[in-house]
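Engineer: What follows is a single structure, and I will ask about it in a moment.
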C-alpha cells in the first residue's frame with residue numbers, strides 16, 4: 001500500500017523529534033508485507049523549502065503472538081502541560097521583534 005500525501009500546512013512538526021516542514025511537504029509512505037510476521041514501512045520526505053534533498057527511512061514491524069495484549073499507558077497530565085509550556089507553545093508563537 002502506498003500513501004502519497006501533499007497539501008500540508010506548516011503549523012505542526014513532522015514528528016515528535018521536532019523536524020520542521022513547510023507547506024510544500026510531499027510525504028510518501030510505502031507499506032509492504034515482507035512475510036507473514038513482518039510489515040515494512042519505507043518513508044520518503046520531500047520538502048524543497050525545509051530540506052536540501054529528499055530523505056527518509058525504513059521501519060520493520062514484527063507481528064506479535066496471538067497471546068500478546070496491548071497494555072494501557074497513562075500519561076501524567078502534569079507532563080503534558082510542561083511540554084506544552086516549554087516546547088509546543090514557544091515553537092508556535094511568532095518571533096519576538098525585540
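All of the numbers you see were taken from the coordinates with simple rules; none came from a lab. Because the structure is a prediction, the values reported are computed rather than measured.
Engineer: How long are the three semi-axes of the equivalent ellipsoid for region 2-66, computed from the Cα gyration tensor as the root of 5 times each eigenvalue, in whole Å, largest first?
Structural biologist: One finds semi-axes of 27, 12, 10 Å for region 2-66.
Engineer: Multiply the residue separation of residue 10 and residue 50 by 0.36 nm, subtract the distance between their alpha-carbon atoms, and state the gained length in nm to one decimal.
Structural biologist: Stretched fully, the residue 10-residue 50 segment lengthens by 13.4 nm.
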